[in-house]
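The values are calculated or read from the model by the stated rules, or taken from the named source; none is laboratory data. Since this is a predicted model, take the numbers as computed values, not measurements. With ideal geometry, Cβ positions are generated from the backbone for all residues, glycine too; neighbour counts draw on all protein chains shown. Keep in mind that these areas ignore ligands, DNA and RNA; they rest on the heavy atoms of the full protein, side chains included. Shrake-Rupley method; radii C 1.70, N 1.55, O 1.52, S 1.80 Å.
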There are 2 protein chains.
Amino acid sequence: MTRQAGGENNAGSAVAAAAPDLGRTRSRAIPEATVGRLAVYLRVLTDPQAVRPALGDRGDGVRVVSSAELAAAAGVNPAGLRRDLSFLGSHGVRGVGYDVDTLIEQIQRVLGAHHHFRVALVGIGNLGQALAGYAGFGGRGFGIGALFDVDVEKIGRTVAGLRIRDLADAQEVCPAEGITIGVITTPEGAAQSAADALVTAGIFSILNFAPGKIVVPAGVEVRRVDLALELQMLAFHETSRVDGVVAR
Amino acid sequence: MTRQAGGENNAGSAVAAAAPDLGRTRSRAIPEATVGRLAVYLRVLTDPQAVRPALGDRGDGVRVVSSAELAAAAGVNPAGLRRDLSFLGSHGVRGVGYDVDTLIEQIQRVLGAHHHFRVALVGIGNLGQALAGYAGFGGRGFGIGALFDVDVEKIGRTVAGLRIRDLADAQEVCPAEGITIGVITTPEGAAQSAADALVTAGIFSILNFAPGKIVVPAGVEVRRVDLALELQMLAFHETSRVDGVVAR
DNA sequence: TCATGTGAACATGTTCACAGCT
DNA sequence: AGCTGTGAACATGTTCACATGA
């Protein structure tokens, strides 16, 4: 985990694949690890300056990429990449590779990346403000739909063009604004009540930056990003490295 | 599965380019997943208001905790917790549980949490500034030792009490300040050169917030936190949820 | 009695190697 | 010839169940 993934953080089971319309799609469940990598492939494929000679561009209009090329660009093993793509029902062409545009289309379909998702930020401190202004969010199909806090000092102020609203109003604001994803950037002690408010507002997908665990009903997906934990894993690496390299 | 109580992170999860573990510690090599959870246990054990009646506190001065209690507080499986602790060479007492203070001491030892680590931030934009002021960093044995950027507009300005310095000076600044961990919060395009500068400055542990992969020499550990990727995995969840529950 | 520590079953994820298709 | 798709081996991680020992 990434494992990122700490204390059971972001490890998980396969999830039912979106089962779209067109004839040939067998809806196997897509493993979580594969979903994460599909997002990476999509970024590489759609990045204009992805790889030196615009990825897989041949002279004619058709862009084709081999698993070896794309794997190198994404930093993964080619066989694993082919396995990942096989979950798309994708048809690469043997001896040739994958049609880039088709690939983009198919990955976008299963990831829901042709939708636009609106996100609510709860807890507008340092981190919340940074995320509100973070280009990486708006840039890839996600937009900030609302900012919430419980601090009366903050409510009403404007950050990144949005007025901070009372978390107590989430239940009205989120449905009205079409918000489906919540991001918690509160201090640790406020995270659970933030989650409760989001769940009450009909949110089923939460990204939690607060340390500690939050409890949510079944069916609500929580992904955790624990910055202190990432540092601690690096500290472990430093400790091992020094202990191992220097005298023992 | 509901992450968090159920976590890719980052790990899980994500596609971090890291050198294979050259198992280093005196006893057994500690699995990465276990390291992440040990950090979580440590947080729970040292949190003053961790669990209802201060964790495992009996009337006398000795605090004892069972795997079941601690596992519940940390949101993990008790058997897995016991296996994790077995890597410490820890000796719980059968029929009783674990001595809390001993446990804290042992986890701190393997994580290097009794050291203080100094961190350099590279790329002082929105996110970098937020992290510079983030309490969660200084709070757990990590301190910001330097801020770097390449933008002459930013160099010399002060953020969170530290003057932003030229990344070109990293090679002198990092050793002088005792910095051993680097955090990259640059835009995507600048991440590789940021990593190069850190490596040249003698840094072996890097936390990378920029999307895309960075290439580092063997022996340098890179952990990646990809915010857009986390959102995309939630978007996949939303897509599956909606497609699965609503009419098809 | 009761909770630890761990063998063994299970689940997930990664990589190899090659058959099979274009 | 060359690259995909996938069975099978391998690696890692999780959970069960119970023998063991305080």
### Query
Considering only the label points, 7 Å along Cα→Cβ from Cα, what distances in nm to one decimal separate B:Ala135 from the same position in each other copy, shortest first?
3.1
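Using just the alpha carbons, could you tell me how many Å³ per residue the convex hull of the range A:117-229 encloses?
Working: hull volume 11.0 nm³, N = 113.
Dividing the Cα hull volume of the range A:117-229 by its residues yields 97 Å³.
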### Task
Enumerate the calculated ³J(HN,Hα) couplings along the range B:191-197 in order (Karplus 6.51 cos²θ - 1.76 cosθ + 1.60, θ = phi - 60°), each rounded to whole Hz, writing x wherever the residue is Gly or Pro.
5, 5, 5, 4, 4, 4, 5
### Task
Sequence neighbours fewer than 8 away in the same chain don't count; with that in mind, list the aspartates and glutamates whose C-alpha is under 14 Å from B:Lys154.
B:Asp166
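Going from most exposed to least, what order do A:Thr46, A:Thr158 have by accessible area with a 1.4 Å probe? Don't jump to the answer; show the numbers that get you there.
On the way: A:Thr46 55, A:Thr158 95 Å².
From most accessible down to least: A:Thr158, A:Thr46.
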### Query
What figure in square angstrom, to the nearest 10, would you give for the accessible area of B:Val62 with a 1.4 Å probe?
60
### Query
How big is the charge dipole of the range B:183-248 about its Cα centre, in debye rounded to the nearest 20, if each Lys and Arg gets +1 on its Cβ and each Asp and Glu gets -1 on its Cβ?
120
### Query
Where does each of B:Glu238, A:Glu188 land when they are ordered by accessible area, with a 1.4 Å probe and the largest first?
A:Glu188, B:Glu238
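Only Cα pairs under 8 Å and at least 6 apart count here; give the relative contact order of the range A:117-229 as a rounded whole percent.
Numbers: 223 pairs, mean separation 27.7, N = 113.
Over the range A:117-229, the number comes to 25 percent.
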### Query
Accessible surface of B:Tyr98 in the full protein assembly, 1.4 angstrom probe, to the nearest 10 Å²?
30
### Antiparallel bridges, percent of DSSP beta bridges restricted to the range A:117-229 (to nearest 5)
10
### Message
Could you work out the relative contact order of the range B:32-111? I mean the mean sequence separation of Cα pairs under 8 Å and 6+ apart, divided by the number of residues, in percent.
### Response
35
#### Entry: Modelled FRET efficiency - R0 30 Å, B:Thr158 with B:Val242, Cβ distances, 0.05 increments
0.05
### Task
Quick one: check the C-alpha center-to-center distance for the range A:90-151 versus the range B:183-222, whole angstrom.
23
#### Entry: Förster radius 41 Å - calculated FRET efficiency between A:His91 and A:Val150 (Cβ-Cβ, nearest 0.05)
0.20
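For the B and A pair, go ahead and give the buried accessible area with a 1.4 Å probe, both sides summed, in Å² to 100. Walk me through the numbers before you get to the answer.
Working: alone 14680 and 14100 Å², together 21290 Å².
That pair hides around 7500 Å² of surface in total.
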